[in-house]
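*Asks:* Just dropping this structure here.
The values are calculated or read from the model by the stated rules, or taken from the named source; none is laboratory data. The structure presented is a predicted model; accordingly, all values stated were derived computationally and were not measured. Here Cβ is always computed from backbone atoms with ideal geometry, including for glycine, and neighbour counts include all displayed protein chains. Note: accessible area is taken over every heavy atom of the protein model, side chains too, but ligands, DNA and RNA are not part of it. Shrake-Rupley method; radii C 1.70, N 1.55, O 1.52, S 1.80 Å.
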Amino acid sequence: MELYNIFFRCIHLFTVCFLSPILYAVNQGLAFDIEDTGSYGDNARQVFPWKEVVLDKEYGGQWIVCGDVNADGQVEIISVENYNENDVHYTSAVVAQDLNGKVLWRWGNPDIGRKAWHHDVACQIHDWDGDDQAEVVLCTQGAIVELDGKMGNEKRRIEIARDATDCLVFCDLKGIGRASDVLVKDRYHRIWAFDQQGKFLWSVTNPGGYRTAHQPRPVDIDSEGKDEIMAGYSLLNSDGSIRWTYKSNSVNQNRGHLDCMRIFRKAQNPEKTRLVLTCCGANNLAMIDGTGKVLWEISGHHFESIDIGPVLSNISSPQIVVDVDHQPFGNSPIWIVDENGLRRAKITTDYSRHHALVDWTGDGLCEILVAHNRAIYDHQGKRIATLITPLPADQETEKHESSLLIGDMDADLVPDIMIATPQILYIFRNEHGRPIKDLTPGTESNFTLY
């Protein structure tokens, strides 16, 4: 009898843990519906860092951007602290380090800021003047500051409003072929535009009657050479005037703001361009065309960040990978949605807020990366690897969200993976991914947490 009970307990455990998710996925029309919480996935291959860069203890912080700032042909790390008071924040300290952790230069005041982030921090790497030498550009209190990438010396300051320090974005408003203009903003209401000489161009407040996005997103919507700006729910012309405003058919957009916008497909004709939006507070995911017309919406969930790429092997067009945030710990889903607005797969982890896509296996499909559990999931939802980030003993109990960055860190044209804590940057070489022609070393332009 005891063996009989043990046998049926085993059958029950197998059904609950393995068959039930598969049967549920089939019934829902999903390619898979995977739950990977707690210690599940420990049998996945362990991937250890290629580099562990200890960030400068005084000036370093968790907001990180990477690029060749001193023209030596190698990628450097720019690490940032930020000051915050009543949700108004600015860059307070910056340090440049090489991949071995050597400090190249420091800037700012390391005594007033915090090392962890809770939002975008206004510091980017950009060749602002087009001389093929990258600058480090940041917003400190009341000013845009341009630093020489080689030595960290201040090249100039551009006066801005004291609270216009939420983030900064480079764009091409004049159509000269490079991003020579810059946008700055306060937390949710106003955006200002300046050219490379520091001349004020325009500003907009509550575009279309709605709050701004976390980060304005440039897109040349009509392929005429100038960037339009997705400022929130409104697309601005290059002169700051409103071109159109997205109007939801499903939700009240005044409940929050635009969290994220990504280009699903760019076409010469705006009507054939496809943009994907997430609506914070309004709990909505939407696809619109380049004229603002709504193609479909999924409401009722707090969608946050979007990745676009080929994940599922049986779908020819790219898919939308989006997290559902504001969920209890241990029930944090990532959805895979096709271009018609159909949910095609789902992965649930303990906390899925920060995620990214990269071709880790070289098969032409993108794997899904999740920062919190360090997992890499393949096109069947299987965890194929776990990124190992050993913390020093004095940091093991610290509570913070992990940052996930993608970029070519070893100049082989293959995107690598980075996990950032407030103290350490872990770099994992992508040894099997396919090279991408003309991939710029370092992290993406206009890096954002959203």
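*Asks:* Accessible area per residue for the chain in Å², computed with a 1.4 Å probe and the full protein assembly in place, what is it?
*Replies:* Ligands and nucleic acids excluded, the result is 43 Å² per residue.
*Asks:* How compact is the range 84-192 by the rule of thumb for globular proteins, expressed as Cα Rg over 2.2 N^0.38 Å?
*Replies:* 1.08
*Asks:* Tell me the angle of helix 2-14 to the major Cα principal axis of the chain, expressed in degrees between 0 and 90 and rounded to the nearest ten.
*Replies:* Approximately 30 degrees, to the nearest ten.
*Asks:* In addition: What's the FRET efficiency of Glu224 with Asp412 using the Cβ-Cβ distance as r and R₀ = 30 Å, to the nearest 0.05?
*Replies:* Here the calculated transfer efficiency is 0.25.
*Asks:* Ok, one more. Once you sort the root eigenvalues of the Cα gyration tensor of the range 259-327 as a ≥ b ≥ c, which label holds: rounded (a/c under 1.5), prolate (a/b larger than b/c) or oblate (the other case)?
*Replies:* Oblate, since a/c reaches 1.5 and b/c is not below a/b.
*Asks:* Would you please calculate the Kirkwood hydrodynamic radius of the range 138-207 over all C-alpha pairs and express it in Å, rounded to one decimal?
*Replies:* Mean inverse Cα-Cα distance, inverted, gives 12.5 Å.
*Asks:* Where is the GNM fluctuation largest for the chain (alpha-carbon springs, 10 angstrom cutoff): Glu224, Glu76, Glu271?
*Replies:* Glu224
*Asks:* For the pair Asp129 and Ser313, what calculated FRET efficiency results from E = 1/(1 + (r/R0)^6), where r is the Cβ-Cβ distance and R0 = 45 Å, to the nearest 0.05?
*Replies:* About 0.50, to the nearest 0.05.
*Asks:* Could you tell me the accessible area of Asp132 in Å² (1.4 Å probe, neighbours in place), rounded to the nearest ten?
*Replies:* Its heavy atoms expose roughly 140 Å² to the probe.
*Asks:* Moving on to the next point. Whenever you get a sec, line up His355, His432 from highest to lowest accessible area (probe 1.4 Å, protein heavy atoms).
*Replies:* Solvent-accessible surface, decreasing: His432, His355.
*Asks:* Now a separate question. Restricting things to Cα coordinates, could you compute the convex hull volume per residue of the range 359-450 in Å³?
*Replies:* Looking at the range 359-450, the number lands at 113 Å³ per residue.
*Asks:* Shifting gears a bit: Take the chain, compute every pairwise Cα distance, and split them into 10 Å bins from 0; I just need the percent in each bin.
*Replies:* That works out to 4, 20, 30, 28, 13, 3, 1, 0, 0, in percent per bin.
*Asks:* Then there is this: If you project the alpha carbons of the range 50-126 onto the principal axes, what extent comes out on each, in Å, largest first?
*Replies:* Its Cα atoms span 40, 24, 23 Å along the three principal axes.
*Asks:* In terms of solvent-accessible area of protein heavy atoms at a 1.4 angstrom probe, what is the ranking of Ile320, Ile406, highest value first?
*Replies:* Ile406, Ile320
*Asks:* Ordering Lys174, Lys51, Lys272 from largest to smallest accessible area (1.4 angstrom probe), what's the sequence?
*Replies:* So the residues, ranked largest to smallest area, are Lys272, Lys174, Lys51.
*Asks:* Using helices alone, what [θ] at 222 nm do you get for the chain, with -39,500 (n - 2.57) per DSSP H run of 4 or more residues, divided over all residues and rounded to the nearest 500?
*Replies:* -1500 deg cm²/dmol
*Asks:* In the full protein assembly as shown, how much of Glu52 is accessible to a 1.4 Å probe, in Å² to the nearest 10?
*Replies:* 100
*Asks:* Would you mind computing, in nm to one decimal, how far apart the modelled labels at Arg45 and Asn206 are, each placed 7 Å from Cα along Cα→Cβ?
*Replies:* 5.4
*Asks:* For the range 113-120, in order, what is each residue's ³J(HN,Hα) by Karplus, 6.51 cos²θ - 1.76 cosθ + 1.60 with θ = phi - 60°, in whole Hz (x at glycine and Pro)?
*Replies:* Computed from phi, the couplings for the range 113-120 are x, 10, 8, 7, 10, 9, 5, 4 Hz.
*Asks:* Computed over the Cα atoms of the range 108-266, what is the ratio Rg over Rh, Rh following Kirkwood?
*Replies:* 0.97
*Asks:* May I ask you to compute the full-extension gain from Asp111 to Ile436, defined as 0.36 nm times their residue separation minus their alpha-carbon distance, rounded to one decimal in nm?
*Replies:* Contour length minus the Cα-Cα distance gives 112.9 nm.
*Asks:* I've got another one for you. HN-Hα J couplings of the range 353-366 from phi, Karplus 6.51/-1.76/1.60, θ = phi - 60°, integer Hz, Gly and Pro as x?
*Replies:* These are the phi-based 3J(HN,Hα) values: 4, 10, 9, 7, 10, 7, 7, 8, 9, x, 8, x, 9, 8 Hz.
*Asks:* Something else: Determine the share of the chain's accessible area contributed by carbon and sulfur atoms, expressed in whole percent, with a 1.4 angstrom probe.
*Replies:* Answer for the chain is 48 percent, counting heavy atoms of protein chains only.
*Asks:* Using the 2.2 N^0.38 Å rule of thumb for compact globular proteins, work out how the range 408-450 stacks up: its C-alpha Rg over that value, please.
*Replies:* 1.22
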